[in-house]
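Values quoted throughout were computed directly from the atomic coordinates according to the rules given, and no laboratory measurement underlies them. Here the structure is a predicted model, which means the values were calculated and not measured. Quick reminder, even Gly has a Cβ in these numbers, built from the backbone with ideal geometry, and neighbours come from all protein chains shown.
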Amino acid sequence: MNRGVRVTQTSTETKEAPAAPPRLLDNRQLRIAAGLVVVVGAAVALMYLFGGQPSGLLTQSLITGVLLGGVYALVSLGLTLIFGVLGIVNFAQGAMLTMSMYIVFFLATEWGLNLYLAAALTVPVMFGFGWLVQSTVLNRVMGDSTHERPLLVTLGLSLLIINVLLMVFGGRPVSVASPVEGSINVIGALVDVPRLIAFGGALAVAVALTLILRKTTLGLAIRAVAANDVGASLVGVNVKRIYAMTFGVGATCVAVAGGLMVSFTSLVPSAGEQFTTLAFVIVVLGGLGSIPGALVGGLFIGLVQTVGSLYLPGSGSLLLVFGIFLLVLFLRPQGLFGAKS
Amino acid sequence: MSILKLEGLSKSFGGLRALRDVTVEIPEREFFGIIGPNGAGKTTLFSVIAGQLGPTSGRVVFDGQDITGWSADKVAGAGLVRTFQLMRPFESMTVLDNVSIASHRRFRSTAKSRDHAAEVIERVGLSQYLNKMSGTLPTAGLKRLELARALALEPKILLLDEVLAGLVPTERAPIIDLLRDIHRDGVTVMFVEHIMAAVMALSERLLVMHEGAELTLGVPEDVVQDPRVVEAYLGEDF
Ligand SMILES: Nc1ncnc2c1ncn2[C@@H]1O[C@H](COP(=O)(O)OP(=O)(O)OP(=O)(O)O)[C@@H](O)[C@H]1O
Ligand SMILES: [Mg+2]
């Protein structure tokens, strides 16, 4: 029995460190980002020189890839945020994306709303949906040490959404025309304006999300819960409320993505499924829970997919995506921006 | 008037009875010490009071209100705040942000809660670390941060779980002074500690726990003379 004598570790007093406010990326992350830019830049240069493709076509693929990557990044942002804060892989992320697109489709065709107005209205609807799912279902199955139950819930939610969409809208592909037409020249590549708008919107949401997380009290609480939920509840943070808000914000990301991409998507109830897989790849590649990781990973995968399809047509480009994914994980198991654990 | 009443609190983990029928009444502004061997149930008692764990049976009455079964954040918001034996700062956040979250429960405006947090940080002597990542603090600094986060909630009662553990004697003295200050300002304190010198210096009453139950309760000088306490915890050479 213990007699009141404890082995205690003695502390080392005052480690000196210069006081600097936290930045968006720390030095290590900046180095990784710079390294990635160098690698990608070198690969692109090599392709221009020895790639055996017309340079105009290559430029076109590069720009398309970056624009596509922006949308990937947005879907992945929601996924990585939900994972970082709740520790849940949201298998319904793709289905929620499809759901958003169908809501936009419904508002645009049935109510005759302008596409972008419909997209804007979809945002609060999806936030509410995410909030509701978390507060009524997921919050109940979280907390005990099992991780399977929340996973099963998101998997089930995904199936539910797809089948309800199938019931209501049928399986026939539908589409919504964008009110803005035409394409413009971006450094030698011809780009559809709706895709440009989608990229801009994705970037704007990423910036807004980062600012919310950095500057607002809600963001502070979200980061605290992500770091340590027990500690957060101890200082008076309602953890379940933050979970619900976070899931709502994650759903908002796909709502914006869906609204921006619906005009160039052939919409069927399973349209979002490939995005769950891709977003998962991106999030793991970028580092689970890392916001810059999701952004960089999204752009990177978008590039690999479109440029890759120049050389490997059809589903071959996906093969390339998974190949690179495995390679990066082999070199950096924690992902590009993940913390070593 | 008593600020905290524990009525027949019990907690079982499967077959293990970690708390057995603990009944205590703590008057306002008391400095209430708790000692007992490892595994006696001290931390479990705090967890049950502060809402991290639900009791198997019994009631917790705080400030005249039955708070049994309240969530941890609600209990903290009401002014019953605990600290953890193992410190858990939000490591990737600055010291100021760490404390601001707690202040925010009191002051809804971001600016006000930051000002208040900065005041509390000054009070616990961590001002020079204001904008540093909390993960870089030395152990003594983490202890102060833990206290700052608790104080930022403007508690009526503080439950302190081994705040002195892991500190060398020279680091303990200023923390003990700080605890005295906090208590003098009107905060009721419940204090779990193994460092007997601090327990004797600070406690007005002392509860000895053993195997989840009260072994004895009284003024510290009497309690440490009790042969059962010597037998169960202190050892002959105290
Ligand atoms: N979550 C839990 N699940 C199962 N058993 C637990 C749990 N928490 C504590 N216990 C057990 O309950 C008993 C009381 O533990 P507790 O941590 O309350 O003791 P303590 O008095 O704080 O000890 P120490 O001085 O080492 O901190 C111990 O036997 C411990 O193993
Ligand atoms: Mg303990």
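Shielding of peptide A:235-245 by partners, expressed as the average count of other chain Cβ atoms within 10 Å per residue Cβ, is 5.
On the principal axes of its alpha carbon atoms, chain B extends 52, 40, 35 Å, with the longest extent given first. Within segment B:57-76, which residues have the backbone N less than 15 Å from the label spot 7 Å out from B:R17 along Cα→beta-carbon, could you tell me? Under 15 Å, as judged by backbone N against the label point of B:R17, lie B:57-58 of segment B:57-76. Annotation: for a label point projected 7 angstrom from Cα along Cα→Cβ of B:V219, residues of segment B:182-209 with backbone N closer than 15 Å are B:200-207. With Cα atoms as the point set, the radius of gyration and Dmax of segment B:10-63 evaluate to 11.6, 37 Å.
Evaluated with a Cβ-only charge set (Lys, Arg +1; Asp, Glu -1), segment B:2-234 carries a dipole of roughly 740 debye about its Cα centre, given to the nearest 20.
Does a label point 7 Å from the Cα of A:V141, set along Cα-to-beta-carbon, have any residues of segment A:147-190 with amide nitrogen under 15 Å, and which are they? Answer for this model: A:147-161.
The alpha carbons of segment A:204-341 stretch over 55, 38, 24 Å along the principal axes, in descending order. With each label modelled as a point 7 angstrom along the Cα→C-beta vector, the A:V186-A:V37 pair spans 1.8 nm. Once the Kirkwood radius over Cα pairs is known for segment B:1-113, the Stokes-Einstein relation at 37 °C and 0.692 mPa s delivers a diffusion coefficient of 210 µm²/s. Taking every C-alpha pair closer than 8 Å and separated by at least 6 residues, the mean separation divided by the residue count of segment A:205-276 gives a relative contact order of 17 percent.
Over the protein assembly as shown, the pair-distance histogram of Cα-Cα distances with 10 Å bins from zero comes to 3, 15, 22, 21, 16, 11, 7, 3, 1, 0 percent, rounded to whole numbers.
Here the extension length gained between A:E110 and A:S55 equals 15.4 nm, from 0.36 nm per residue of separation less the Cα-Cα distance. Per-residue shielding of B:83-90, expressed as the average number of other chain Cβ atoms within 10 Å of the residue Cβ, stands at 3.
Each peptide in B:70-83, B:12-25 gets a packing score, the mean of other Cβ atoms within 10 Å over its residues, and the list from highest to lowest is B:70-83, B:12-25.
Note on B:T136 and B:D226: their simple-model spin labels are 4.8 nm apart, each label 7 Å out from Cα toward Cβ. Taken about its Cα centre, the protein assembly as shown carries a charge dipole of roughly 1220 debye when the Cβ of each Lys and Arg holds +1 and the Cβ of each Asp and Glu holds -1. Gyration tensor over the Cα atoms of chain A: the corresponding equivalent ellipsoid has semi-axes (square roots of 5 times the eigenvalues, largest first) of 36, 28, 18 Å. Here A:R149 and A:R214 are evaluated by their C-beta separation; at R0 = 35 Å the FRET efficiency comes out at 0.60. In chain A, the calculated helix contribution to ellipticity at 222 nm averages -23000 deg cm²/dmol per residue, counting -39,500 (n - 2.57) for every DSSP H run with n ≥ 4. Averaged over the residues of peptide A:213-221, the number of Cβ atoms from other protein chains lying within 10 Å of each residue's Cβ is 3.
Taking 8 Å as the Cα distance limit and 6 or more residues as the minimum spacing, I'd like the relative contact order of chain A as a percentage. Once normalised by length, the contact order is 32 percent.
Mean sequence separation of contacting Cα pairs (under 8 Å, at least six apart), scaled by the length of segment B:2-234, corresponds to a relative contact order of 26 percent.
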